[in-house]
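Enquirer: Quick one: this structure, given as structure tokens, is what I'll be asking you about.
The values are calculated or read from the model by the stated rules, or taken from the named source; none is laboratory data. Treat the numbers as computed from the prediction; the structure is a model and nothing was measured. Here the Cβ is made from the backbone with ideal geometry for all residues, glycine too, and neighbour counts use every protein chain on show. Accessible surface areas use protein heavy atoms only, side chains included; no ligands, DNA or RNA. Shrake-Rupley method; radii C 1.70, N 1.55, O 1.52, S 1.80 Å.
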Amino acid sequence: MKISKHIIKGVAVAMIAMSSVSCNSLFDDAPLNTLSEETTWDNTLILDEYVNTWYRGMGCGFDIFVFTMSQFSTLSRYYLPWFGDQITVGKNDWFNSGYGDILKDNMTAVQQWGKTTWTEYYTNIQYINTFFANADKVTNEKQKQRVLGEAHFFRAYYYYMLWRRFGGALLIDHVIDPLVKVETTPRASYTEMLKFIVADAEEAMKYLPEKYDAVDAGRVTKGTAAMLKAKAYFWAASETFQNKEKEYLGFTDNQSNELLKKAKKAYEDLFALGVYSLIPIKSTTQDGIKNEYRSIFLTKNSVESILEIQHSDDGDYDMKYGHKLDREAAPPSLTGTTAAYTPTHNHAMEYGMRNGAKYDDQHPFDNRDYRFYANILYDGCTFRGQTLDIRYTNGKAGKDLTTYTSSTSDAVTRTGYYLGKFVDESQTIDDNDTYASKQNFIIWRLSEAILDYAEVAYRLGDVELACKQVNLIRNRVHMDEYDTVTLDQILNERRVELAFEETVYWDHFRLGNAMEKLNGSKNPLKTITVNYTTSINKLEYKVTNMNRFPNRVRVFSEKDYYFPIPWDEVRAQGIEQNPGWDEV
């Protein structure tokens, strides 16, 4: 859909905004009977419902869905870490879907994903600009101030998302109505994108409070806007985006050092708010640290949280905004059927050792970083009071390597691991079609801000400050402190602390290593196989490349650093397409 067709005004805006998103409302639905242009802006409940669509536009969180037929790929919802090397899926027929096509870098599938993404973000930007055009009609002054802050934040946020995915986009700060005026918009430069995002984030900070009462938990705050400003500078400062030929793909000179300084100041302003803190872990035992660390990701809108996609506490999957993470991640002996979140051995090896221990490939689960035990379920570990059997005993597959029903669509791990992070051991898993899990999907938390800040400090030459920040994260989980730190150690700490969070996926783009990390030929996904022979009482561990993922399946080419802009938009606006994309 071209921006020029996003003609939504008054009553139509509210009605379409409330019906077009695939996810339900952030808060309780407003009572909608009849709408008029005046009541859209002057009715507090309807205005809040209108604003809630901006929240839902951030994504569907853990509510993932993958059709098994590639022609339906436009309706699929993907979990971005699936395209990296830390986690993969176990369901065979998903590789015959749009997800599989994207893994293979199918040009049609990627262009369709790009078109859907572009349209969704610009639809929300049009809704936001429509609010700005009608803000003077809002008579509840307290609500107006809050919504002005939300509007500035979300416009900046959607442009930030477009920027990362497409490069310089079309900066539009007003309602587009081609029936009134035909307009074209040039592609913005990296400099223009950064200035626009930062300006809107700063404007949002003027209106938004530092925190809300429990009834409004989950709304964006001053700190959320401060984080967005810092993230924008952090992204822009990457060496990947310096000295580029096209100004919409980066800066034509090298501004990295200047932008790093601005990022450093922005993160310090965020910390100075004093709103966020790391959730402490008091236990000193392996199981205690594991349990307390895992609980961080089950605590909604905690003191560590900066931005989360809200999922309902008590609603069913179909009618409320629940999801099925616990069922889709669970081992088959615990009634899991999808194996949709299976960590790879690539990721398992990112966890270091503790207390000076040396890694032993025949005792690979011993003396690891405490977060290993929280984030990953492995053979012999205990989960929900049950010992997991992810091994072959005398050649026979264990109960967690075989499906628990006769369904041919059930799946098991192909990596030798199951997911521990995010999973709620107390959640009931059953065959009820309305079953729902309730964990929120974390977009940003304080740990990420601290590790961003550590990297910024290191790149500015302050290794001591960088080390101090990394040790804040390691101290929380009772891991040995570093005396000094390297860039590789900082980046590895990110991949451990932020494991399976979408930030790890985006790091490949800003670091410029996606060609290496997202290609199966250079970085094949690895599995661990455990074999137990009873006659000699011997356990053996073998690491291999995943047979289900031939090198050709995971393909990432240079052009994939930026998605293709929809071709009808390229023609309508008279703009250049991103390099490497041909119309299909």
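Enquirer: Let me have the relative contact order for the chain, percent, based on Cα pairs under 8 Å that are six or more residues apart.
Expert: The normalised contact order for the chain reaches 17 percent.
Enquirer: Can I ask one more? Quick check on my link table: of Lys144/Lys206; Lys290/Lys324; Lys104/Lys246; Lys396/Lys526; Lys211/Lys290; Lys222/Lys265, which ones sit more than 18 Å apart, alpha carbon to alpha carbon? Display every interim value, and only then the final one.
Expert: Values: Lys144/Lys206 13 Å; Lys290/Lys324 23 Å; Lys104/Lys246 27 Å; Lys396/Lys526 21 Å; Lys211/Lys290 29 Å; Lys222/Lys265 16 Å.
Long pairs (Cα-Cα over 18 Å): Lys290/Lys324; Lys104/Lys246; Lys396/Lys526; Lys211/Lys290.
Enquirer: Treating the angle as unsigned and between 0 and 90°, give the value, to the nearest 10°, between the Cα long axis of helix 44-56 and the longest Cα principal axis of the chain.
Expert: 50 degrees
Enquirer: Same structure, new question: Rounded if a/c is under 1.5, else prolate if a/b is larger than b/c, else oblate: which is segment 505-584, with a ≥ b ≥ c the root eigenvalues of its Cα gyration tensor?
Expert: prolate
Enquirer: Using only Cα atoms, find the angle between the long axis of helix 446-459 and the longest principal axis of the chain, and express it within 0 to 90 degrees, rounded to the nearest 10.
Expert: The two axes meet at around 90 degrees.
Enquirer: Between Lys538 and Glu576, with labels modelled 7 Å along Cα→Cβ, what's the label distance in nm to one decimal, could you check?
Expert: That separation, rounded to one decimal, is 6.3 nm.
Enquirer: On to the next question. Going by amide H atoms built from the backbone, whose H comes under 5 Å of the H on Ile443, apart from near neighbours?
Expert: Hits under the 5 Å cutoff: Leu307, Glu308, Ile309.
Enquirer: Say the dipole of the chain comes from +1 at the beta carbon of Lys and Arg and -1 at that of Asp and Glu; which of Leu179, Tyr190, Tyr505 then lies farthest toward its positive end?
Expert: Toward the positive end, the furthest listed residue is Tyr505.
Enquirer: Looking at [x] 82, 55, 50; [y] 76, 57, 44; [z] 112, 58, 39, which value of Cα extents along the principal axes in Å comes from a calculation on the structure shown?
Expert: Recomputing Cα extents along the principal axes in Å here gives the entry labelled [x].
Enquirer: Let me ask something else about it. Of Phe83, Thr344, Ala466, whose Cα points farthest to the positive end of the dipole of the chain (charges on the beta-carbon: +1 Lys, Arg; -1 Asp, Glu; origin at the Cα centre)?
Expert: Value: Thr344.
Enquirer: About its Cα centre, how strong a charge dipole does the chain have in debye, to the nearest 20, once Lys and Arg get +1 and Asp and Glu get -1 at the Cβ?
Expert: In total the dipole reaches around 920 debye.
Enquirer: Quick one: which residues, 5 or more positions from Thr88 or on another chain, have an amide H under 5 Å from its amide H? H modelled 1.01 Å from N in the peptide plane, none for Pro or chain starts.
Expert: Thr342, Thr344
Enquirer: Here is a follow-up. Run down the aspartates and glutamates and flag those whose C-alpha is under 16 Å from the C-alpha of Lys195, throwing out any fewer than 8 positions away in its chain.
Expert: In chain and number order, the partners are Asp173, Glu203, Glu247, Glu258.
Enquirer: With charges set only on the Cβ (+1 for Lys and Arg, -1 for Asp and Glu), what does the dipole of segment 495-584 come to about its Cα centre, in debye to the nearest 20?
Expert: Numbers: 12 positive and 13 negative charges, 159 e Å.
Computed about the Cα centre, the dipole is about 760 debye.
Enquirer: If the only charges are +1 at each Lys and Arg Cβ and -1 at each Asp and Glu Cβ, what is the size of the charge dipole of segment 149-263 around the Cα centre, to the nearest 20 debye?
Expert: Using Cβ point charges on Lys, Arg, Asp and Glu, segment 149-263 gives about 240 debye.
Enquirer: Any idea of the accessible area per residue across the chain, 1.4 Å probe, to the nearest Å²?
Expert: Accessible area per residue, the chain: 40 Å².
Enquirer: Okay, next question. Heavy atoms only, probe 1.4 Å: what % of the accessible area of segment 465-510 goes to carbon and sulfur, would you let me know?
Expert: On the way: 730 of 1540 Å².
Answer for segment 465-510 is 48 percent, counting heavy atoms of protein chains only.
Enquirer: Once the Cα atoms of helix 286-296 and of the chain are each reduced to a long axis, what angle between those two axes, in degrees from 0 to 90 to the nearest 10, is obtained?
Expert: 20 degrees
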